[in-house]
Amino acid sequence: MKVVEDLAADEFPLNPPNVETPVCRELIELADADLAELVRLPWRHGRLRLNLGPEPILQCSHERNHAGEHVAFSAESGELTLWVAWDRERTRIFSAEFCSRSSASGHLCSLPHGHLGRHAMG
């Protein structure tokens, strides 16, 4: 597995072999209102088919000790990708494509387009 060797300075591996994962450990348990908002979106009315999500407990996908909000993938329909961002003040749900960055080993970044910090590869 060449993931770690093929990473650039602005990338980090999600699941490096034989190393503690560098991913942020911050979790959020979504409030009932947030889950209701996710379920209310277009797939509830048959316009989109929900492929993944939503889950009530999410883990941040950024690198440990990152700056800014925590961010986690929430749900996807194939046409719509939703994320949850949170900090101590608020939680917000937003739509964004996945980051388009790919590593030399062909792995894609698993963070939303326009994210802060290093790219999460794996």
* Name the residues in the range 50-62 that are buried (at least 20 other Cβ atoms within 10 Å of the Cβ) and modelled with pLDDT of 90 or more, would you? -> Leu58, Cys60, Ser61, His62
* When both residues are 6+ apart or on different chains and their Cβ atoms are under 9 Å apart, which pairs have a first residue that lies in the range 24-40 and is in contact (Cβ under 8 Å) with a residue 40 or more places away in the chain and at negative phi, and a second that is among the hydroxyl-bearing types (Ser, Thr, Tyr) and open to solvent by 50 Å² or more (accessible area, probe 1.4 Å)? -> Ile28/Thr91; Leu30/Thr91; Ala31/Thr91; Asp34/Thr91
* Of the numbered conditions (1) touching a strand residue (DSSP E or B) at 6+ places or on another chain (Cβ under 6 Å); (2) farther than 12 Å from Glu11 by Cα, His115 fails exactly one; give the number of that condition. => (1)
* Asked: Can you name every residue in the range 82-101 that is free of Cβ contacts under 8 Å to residues at least 24 places away in the same chain and open to solvent by 60 Å² or more (accessible area, probe 1.4 Å)?
  -> Asp87, Arg88, Glu89, Arg90, Arg92, Ser95, Glu97, Phe98, Ser100
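The values are calculated or read from the model by the stated rules, or taken from the named source; none is laboratory data. Source: prediction; values computed, not measured. No Cβ is skipped: glycine too gets one built from the backbone with ideal geometry, and neighbour counts run over all protein chains shown. Note: areas computed on protein heavy atoms with side chains; ligands, DNA, RNA excluded. Shrake-Rupley method; radii C 1.70, N 1.55, O 1.52, S 1.80 Å.
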